[in-house]
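> The following block contains the structure, expressed as C-alpha cells.
The values are calculated or read from the model by the stated rules, or taken from the named source; none is laboratory data. Keep in mind that what you see is a predicted model, and the values were worked out from it rather than measured. Backbone-built Cβ (ideal geometry, glycine too); neighbour counts: all protein chains shown.
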Amino acid sequence: MNDRTVLVTGGSRGIGAAIVRRLVAAGDEVCFTWQKDERAATALLEELRARGGTVHAIQGDVADPEFAPRCFDTAGQLAHAPIAALVNNAGITGRHGAFTDLPVEVMRRTFDVNVLGTMTFSQVAVRRWRAAGVQGRIVNLSSGAATLGSAGEYVHYAASKAAIDTFTIGLGREVAGDGIRVNAVAPGTVYTDIHAAGGAPDRPARVVSRVPLKRIGEPDEIAAAVAWLLSGEASYVTATVLRVAGGL
C-alpha cells in the first residue's frame, strides 16, 4: 500500500471508475463519491475489495457547497492514510442540442456540477493541506471541448470545461509555492454513458471520423494520464492541461 489516500469525485462509473480501479491497483487507498447510482457504487466496492483493495464510497452531490467539507471529514474518518490527492472527476454534459434551445436550469446545473463542484473541493483540499503542511496533488477533468466549442451539441458544457482549464492554471500557479501541484486532463470523446445521459447515445459513432487517430478513446487511457499526473514522475508538472484526445 502507498502512504496516501486519493479522493475521487464521481468515481462509480465511466472514467471515474477507471481512475479508481487504476489507483487501487497501484496501491493507493481510494475514497470515491457517488450521487445516484448506488448499484454501480456498490458493485465497484465489491469488485475492488475482492481483489484486496482498500476503497470507500461516499454519497453526495458535488454541486452542493456543503458537501465538500463534509466529504473530506467522512473520508478522513474512513481512510487509514491521509488524503494527499484529489481527482475532480464528477461532471455532466447537460442536454445535447443547440445552445439557443437550452433552458437556464440546464446551464446552471452544468456549471454547478462541473465548475462549482471542482472549485469547492479544491478549496477545501488546499486549505487543509496548507494547515497540515501536506504537498498535495489535484487533477481536474477538463475536456477537449474546452477549445473546440462543441457547436450545436454542448456549448454550455464546453464553456464549463474552459473554466476548468483557466482554474487549473490559476490555482496551480497560486499554490505552487506550497508544493501543491494542480493539473488537468482534457479527454476527447470516450466510450462512457455520459453521451446517453445528455441525450446523444450515438455521438461516439457520429464523431469518430473527426478524430485524427480514427478511433474513440477508452476510459483506461484517461485514467492512465490522471495516474501519471498524480505520480512522482510528474513532479515538475503543474498548472498544466494535458490533452488526451486522439489528436483533436
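> Take the stretch 148-172 and flag every residue that is hydroxyl-bearing (Ser, Thr, Tyr), more than 16 Å from Asp101 (Cα to Cα) and in contact (Cβ under 8 Å) with a residue 24 or more places away in the chain.
Ser160, Thr168
> If you go through the stretch 172-195 one residue at a time, how many are exposed (fewer than 13 other Cβ atoms within 10 Å of the Cβ) and modelled with pLDDT under 95?
1
> Here are some conditions: (1) touching an Asp or Glu at 6+ places or on another chain (Cβ under 7 Å); (2) surrounded by fewer than 17 Cβ atoms within 10 Å (Cβ to Cβ). Gly27 meets all but one. Which one does it not meet?
Only one criterion is unmet by Gly27, namely (1).
> Under 7 Å between Cβ atoms, at least 6 apart or on separate chains: pull out the pairs that start in the stretch 1-24 with a residue that is in contact (Cβ under 8 Å) with a residue 40 or more places away in the chain and on the phi > 0 side of the Ramachandran plot and end on any residue that is β-branched (Val, Ile, Thr) and in a helix (DSSP H, G or I).
What qualifies is Gly14/Ile194.
> Of (1) in a loop (DSSP other than H, G, I, E, B); (2) in contact with a strand residue (DSSP E or B) (Cβ under 9 Å, 6 or more places away or on another chain); (3) at pLDDT 95 or above, Asn2 satisfies all except one. Which?
Only one criterion in (1) in a loop (DSSP other than H, G, I, E, B); (2) in contact with a strand residue (DSSP E or B) (Cβ under 9 Å, 6 or more places away or on another chain); (3) at pLDDT 95 or above is unmet by Asn2, namely (3).
> Please determine whether any residue of the stretch 71-85 is within 27 Å of Ala162 (Cα to Cα), without any contact (Cβ under 8 Å) to a residue 60 or more places away in the chain and out of contact with any Cys (no Cβ under 9 Å at 6 or more places or on another chain).
No, the stretch 71-85 contains no residue that is within 27 Å of Ala162 (Cα to Cα), without any contact (Cβ under 8 Å) to a residue 60 or more places away in the chain and out of contact with any Cys (no Cβ under 9 Å at 6 or more places or on another chain).
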